[in-house]
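Structure first, commentary second.
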Amino acid sequence: MEPLYQYAWLIPVLPLFGAMVVGLGLISYNQLTNSLRQKVAVFIVSLLGGSMVISFAILWSQINGHEPFVRTIEWAAAGDFSLRMGYAIDHLTALMLAIVTTVAFLVMVYTDGYMAHDSGYVRFYAYLSLFSSSMLGLVLCPNLIQVYIFWELVGVSSYLLIGFWYDRKPAANACQKAFVVNRVGDFGLLLGILGLYWSTGTFDFEEMGFRLHHLVEVGALSGTLATIFGILVFLGPVAKSAQFPLHTWLPDAMEGPTPISALIHAATMVAAGVFLVARMYPVFEGLPIVMNIIAYTGAFTAFLGATIAITQNDIKKGLAYSTISQLGYMVMAMGVGAYSAGLFHLMTHAYFKAMLFLCSGSVIHGMEEVVGHNPDIAQDMRVMGGLRKYMPITATCFLIGTIAICGIPPFAGFWSKDEILGSAFAANPFLWFVGWVTAGMTAFYMFRMYFSTFEGEFRGNDEAIKEKLLQKSKAPVLAFGPGAMDPHELEGGHNHDAHHSEEPHESPWTMTIPLMVLAVPSMLIGLLGTPFNNLFEKFIYAPGESLEYILEELAEFDLTEFLIMGGNSVGIALIGITFASLMYLSRKIDPAAIADKIPTLYDFSLNKWYLDDINEFLFVKGSRRLARQVMEVDFKIVDGAVNLTGFVALLGSEGLKYFETGRAQFYALIIFVGVIGLVVFSGIS
């Protein structure tokens, strides 16, 4: 299998090559390249398929016991400083490569149907390929400095994809917001990287952790300073994985096409933060304060996302807040030391949440032909209902994903979420309680989505509802933002079909097949992590631990404890499902009446804890006020001082020119007057 590892560098290079070829074609031969729509799609998908084949071959090799493989070259050197670049393959890398390539491949197949009528079809595939390359490169990184390079490439790709429909002002604003918020976290990450290198002299993950803890133990480095470095590094994952308080960009990022929501905002890019925490585990595990901050940040974010999701009417934004909440579970798991549990939930969540997002895209695709192409209406669950009759495949897949995320056995989400809750209870019962309550809310809002979208009567032809929503929605404002390869794209519009239908219909096979494929791991992949035969933990375990230690821990499995913990998590989920069915299926409880009784709490959730308003007031408007004050200082003081200097010089030169006449008699007169003045002054004194 050695030749396989020698050519592992092809995994990110193949999609990068595809993005480069198509991008150069769009720049140089735009009309010709855009006319080759299907051929470009096949080219891009085939290259990523090649990466997927190599990734699964490497995963199989690692499962069968191949040693980790590292290949690097010296990239730069100066004195004692040496920077090496290359790629590293271990169990975690192999797992992430398989997840990223699988989801990206299925999303690209799905994209052919979803973007079939979009004039930016080819450009979209180029961006998808660029993102896939960046994410795969991030996974393969052998050291922290190389991670930062690909970390930023992932951010740039996300910026381009969120703002893909650059003529829509909300999309242009959303990609800028995502970019700016992530820069806050990335600046902290950069400072943390520099601080860790300054103290340890290495960018290697495990060596960095060993040296840092040794320096703290011998007193050569302050524990407080090491903690600060750890917190700064954690700021990167906080932004990328949308953790409080840098989570606000993710819901707005739903302005991008739905395939992007599935690829980067459910399965891959947002998981990069959790992946980096896992890579930095050798550093974090020896810093108790940092681990506590990670755990509590994750727990609070999980609760925050769930409380907001329960009132969202936009199906994509509801799933976005669900993603924030589930990422909180993963981060909390890392913070309490449940390394394998956090990564197990990353894997299960990647598949069922990608499927849920793709299902929402299928719903929107069907709704647009009935209610038009205004996203404020086509994505609103209040005009849906009864879609199971028209879209049975989409409805079934959405139901599977809903059951999985709610943690109902034997679906995937139960095993991963239950393992997190069990680990949290052992570490800190309060964190378990927060996660347990969040599990109940998750079941409620997910079945609220399912019932509102697929059950009951279809409301898409109710003119009163549509008119009410139209009055609230804003007319689209055109704006030019990122990625405009060809301004004439605007003439073709976005996803505009030429006909109008009274009823929605099932999506084409290019969209439904990826849903059905993703439904399989959503149901079954959790069986790899059952506590009585945890194959996942035998393969993925924390750095520094041995397989023998893991086997000893697994041998101590307590069935009674599992039944109690699992029963609690299933029980709270069933309570949430029951409330959702009473409110949105049988209609025995009126949710509007409850909202009227607790208007403060309802508005608090509906307005996203007012965090966007706070950010607008403190940072957006605050920055503008600060900028105006700085401009005033610059204009009145800095410019004033410069202008005063010039005025004094001008006044002096104007005055002196009358004394510089070139006449000897005049100079003699000046000397005489000066002598007389000195005599008079001396006499007075």
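The values are calculated or read from the model by the stated rules, or taken from the named source; none is laboratory data. None of the values given here were measured: they were computed from a predicted structure. Don't worry about glycine lacking a Cβ; one is built from the backbone with ideal geometry, like all the others, and counts go over all protein chains shown. Ligands, DNA and RNA are stripped out before the accessible areas are found, and what is left, the full protein with its side chains, is counted by its heavy atoms. Shrake-Rupley method; radii C 1.70, N 1.55, O 1.52, S 1.80 Å.
Based on protein heavy atoms only, the chain ends up with 43 Å² per residue of surface accessible to a 1.4 Å probe. Sorting 206-218, 519-531, 405-417 by average packing, meaning the other beta carbons within 10 Å per residue, from highest down gives 405-417, 519-531, 206-218.
The gain in end-to-end length when the residue 533 to residue 505 segment is fully stretched comes to 5.8 nm, 0.36 nm per residue minus the alpha carbon separation. Both radii come from the Cα set of the range 91-234: Rg as radius of gyration, Rh as Kirkwood radius; their ratio Rg/Rh reads 1.10. The value of relative contact order for the chain, using C-alpha pairs under 8 Å at least six residues apart, is 14 percent. For the chain, the Cβ-based charge dipole about the Cα centre amounts to some 1360 debye (Lys, Arg positive; Asp, Glu negative; other atoms uncharged).
A helix-only calculation puts the chain at -23000 deg cm²/dmol for mean residue ellipticity at 222 nm, using -39500 (n - 2.57) for each DSSP H run of at least four residues, averaged over all residues. Once the C-beta distance of residue 194 and residue 623 is scaled by a Förster radius of 35 Å, the resulting FRET efficiency is 0.85 to the nearest 0.05. Grouping the Cα pair distances of the range 66-146 into 5 Å bins from zero gives a pair-distance distribution of 3, 13, 18, 17, 14, 12, 10, 7, 4, 2, 1, 0 percent in increasing distance order. Measuring against 23 Å, Cα to Cα, the residue pairs 39/169; 317/597; 240/353; 317/353 contain 39/169; 317/597 as the ones spanning a longer distance. Extending 7 Å from Cα along the Cβ direction at residue 70 and again at residue 643 yields two label points whose distance is 6.2 nm. Seen from all directions on average, the range 1-87 presents a Cα convex hull projection of 8.1 nm².
The peptide list 441-452, 68-79, 290-301, 355-366, put in order of mean Cβ contacts within 10 Å with the highest first, becomes 355-366, 441-452, 290-301, 68-79. For residue 84, the residues 5 or more places off, or on other chains, whose built amide H falls under 5 Å of its own are 75. Can you compute log10 of I(q)/I(0) for the range 528-685 with the Debye formula, treating each Cα as one identical point scatterer, at q = 0.12, 0.20 Å⁻¹? Treating every Cα as an identical point scatterer, log10 I(q)/I(0) equals -0.97, -1.20.
The shape of the chain can be summarised by an equivalent ellipsoid whose semi-axes, obtained from the alpha carbon gyration tensor, come to 51, 35, 28 Å from longest to shortest. Expressed as a whole percent, the accessible area of the chain that falls on carbon and sulfur atoms is 67 (1.4 Å probe).
Using R0 = 41 Å, the C-beta based FRET efficiency linking residue 634 and residue 220 works out to 0.35. Round to the nearest 10 and give me the degree value, 0 to 90, for the angle of helix 205-218's Cα axis relative to the longest principal axis of the chain. Taking Cα atoms only, the helix is inclined about 70 degrees. Helix 639-656 versus the longest principal axis of the chain: what is the Cα-based angle in degrees, 0 to 90, to the nearest 10? Orientation of helix 639-656: about 20 degrees from the principal axis. Positive end of the dipole of the chain, charges at C-beta (+1 Lys, Arg; -1 Asp, Glu), about the Cα centre: which of 542, 319, 30 has its Cα farthest in that direction? Highest projection toward the positive end goes to 30. With viscosity 1.002 mPa s and temperature 20 °C, the Kirkwood radius over alpha carbon pairs of the range 197-303 converts through Stokes-Einstein to a diffusion coefficient of 143 µm²/s. Each residue of the range 328-333 was assigned a 3J(HN,Hα) from its phi angle through the Karplus curve 6.51 cos²θ - 1.76 cosθ + 1.60 (θ = phi - 60°); the sequence is x, 4, 5, 5, 4, 4 Hz, with glycine and proline shown as x. Partner aspartates and glutamates whose Cα lies under 15 Å from the Cα of residue 177, excluding those fewer than 8 positions away in the same chain, are identified as 186, 252, 255, 612, 613, 616. Toward the positive end of the charge dipole of the chain, with +1 on the Cβ of Lys and Arg and -1 on the Cβ of Asp and Glu, the farthest Cα among 594, 10, 641 is that of 641.
Distance from the alpha carbon centroid of the range 300-377 to that of the range 88-160 works out to 19 angstrom.
The listed peptides 101-107, 429-435, 278-284, ordered by packing as a protection proxy, come out as 101-107, 278-284, 429-435 (highest mean of other Cβ atoms within 10 Å first). 3J(HN,Hα) couplings calculated from phi for the range 278-288 with the Karplus curve 6.51 cos²θ - 1.76 cosθ + 1.60 (θ = phi - 60°) are, in sequence order, 5, 5, 8, 4, x, 7, 5, 5, x, 10, x Hz; Gly and Pro show x. For the chain, the longest principal axis of the C-alpha atoms and the axis of helix 121-140 are separated by about 90°.
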